[in-house]
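Read through the structure below, which is laid out as structure tokens, and then see the notes.
The values are calculated or read from the model by the stated rules, or taken from the named source; none is laboratory data. Nothing here was measured: the structure is a model prediction, and the numbers come from that model. Because the Cβ atoms are built from the backbone with ideal geometry, glycine has one as well, and the counts that use them run over all protein chains shown.
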Amino acid sequence: MRKALVLGASGGMGYSIVKELSGRGIKVVAFARTKEKLGKLFQDDSNVTIQTGDIFKETDLIQAAKGVDIVFQSANIPYSQWEGKLALFMSNIIKTCKVQSAKLAIVDNIYAYGRHPEVKITEEAEKNPHTKKGKIRLEIENLVKNSDVEAVTCHFPDFYGPNANNAILHFTLQDIMKGKKARFVGDQTIAREYIFTPDGAKAIVNLAMMEEAYGENWNIRGNGVITGKEIINMIRKYINYEKNVSTVTKIMIKMIGIFNADMREAVEMFYLNEEPVVLSSEKYERRIGPLPCTPYEEGLRQTIEFMGRNSLDKFGNII
């Protein structure tokens, strides 16, 4: 791989993929909507070229992908737009790869697996999603599978890490960093799985550089499961935060959803806080090698340090 395009480069996983590629000496086109944010993230990186555009415009994507070997798809849109627009922009990405003869590496979530309580999910597990968004993700997966683009799809648990501002843990971390009373989404005693974005970036880049990985799905696990209470205790050891952390319940999400379309769409996914889906990466470890797995304590430390180095607006975004 000599040159890559990263869509959604200003997001958590996109940022880490750009940094991982650049760290390997690969030229990167970092694509997102906002030039100012891209500039602040990558201004000192000589391997990175900033490109702004609209993922819904084929011409913007085709221009950005000129001369690249692989397109990394890590862009996302609000839940409320998934039903009408997710397939549209994925179709644009597929067409872009065809026009530019590029391969495709996709950052995906676990929604298409649906409910699988108390078992570690392998790539062979039946995908029978019971939620609207899970069904949409499965439709997108089939859209890619039925195209003639060489693609590798990685399923990840929830993210946390540097610049992962849309992640569920960031909701808690941003208030802690401001010294405010923080809230944690879901029961703090239930153990869930999260992945540190630099680890996820290493895994998907490793796969994208291997011919034999294409045409397959890959589950990329985190470093085991962890409860909200354990996360909060780790944070308390690292920074001086003594306030109580309250719990955001499903009922609260429903109430907020009366006035907010995206929160209304989030309600059906709340089952993941109650019946966690845990991934098995046995396939990756058997065929590729050891999986990058940063301990939660270290990952949280690096995340907090990144947040501390950057000013945050009231929404927890870099300004």
Going through region 59-89 in order, the residues found to be closer than 18 Å to Ile204 by Cβ and either at pLDDT 95 or above or loosely packed, with under 15 Cβ neighbours inside 10 Å (or both) are Ala65, Val68, Asp69, Ile70, Val71, Phe72, Gln73, Ser74, Ala75
Any hit, region 267-281, residues being in contact with a strand residue (DSSP E or B) (Cβ under 6 Å, 6 or more places away or on another chain) and of a type in the set (D, E, K, R)
no
Flagged in region 137-166 as within 22 Å of Asn217 (Cβ to Cβ), out of contact with any helix residue (DSSP H, G or I) (no Cβ under 6 Å at 6 or more places or on another chain) and not in a helix (DSSP H, G or I), in numbering order, are Asn146, Asp148, Glu150, Thr153, His155, Pro157
By residue number, the members of region 186-199 that are in contact with a strand residue (DSSP E or B) (Cβ under 7 Å, 6 or more places away or on another chain) and within 20 Å of Ser22 (Cβ to Cβ) are Phe196, Thr197
Does at least one position in region 77-91 carry a residue that is in contact with a strand residue (DSSP E or B) (Cβ under 7 Å, 6 or more places away or on another chain), outside any strand (DSSP E or B), touching a residue at least 40 places away in the same chain (Cβ under 8 Å) and not acidic (Asp, Glu)? no
Selection over region 42-63 where residues are closer than 23 Å to Asp108 by Cα, part of a helix (DSSP H, G or I) and either under 19 Å from the mean Cα position of the chain (by Cα) or not acidic (Asp, Glu) (or both) yields a count of 2
Would you check if Gly134 is more than 22 Å from Tyr284 (Cα to Cα), among the small types (Gly, Ala, Ser), part of a loop (DSSP other than H, G, I, E, B) and modelled with pLDDT of 95 or more? no
Filtering region 186-197 for residues that are surrounded by fewer than 22 Cβ atoms within 10 Å (Cβ to Cβ) and not hydroxyl-bearing (Ser, Thr, Tyr) leaves a count of 6
With criteria (1) under 17 Å from the mean Cα position of the chain (by Cα); (2) at pLDDT 95 or above, Pro292 comes up short on (2)
Across (1) under 20 Å from the mean Cα position of the chain (by Cα); (2) modelled with pLDDT under 95, Tyr238 clears everything bar (1)
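Name every residue in region 219-234 that is farther than 26 Å from Ile77 by Cα and either touching a helix residue (DSSP H, G or I) at 6+ places or on another chain (Cβ under 6 Å) or not in a helix (DSSP H, G or I) (or both), in order of residue number. If you could, list the steps in order and put the result at the bottom.
Quick first cut of region 219-234, residues farther than 26 Å from Ile77 by Cα only: 223-234.
Correct list: Asn223, Gly224, Val225, Ile226, Thr227, Met234.
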The lone condition Ile176 fails out of (1) assigned to a helix (DSSP H, G or I); (2) over 30 Å from Tyr241 (Cα atoms) is (2)
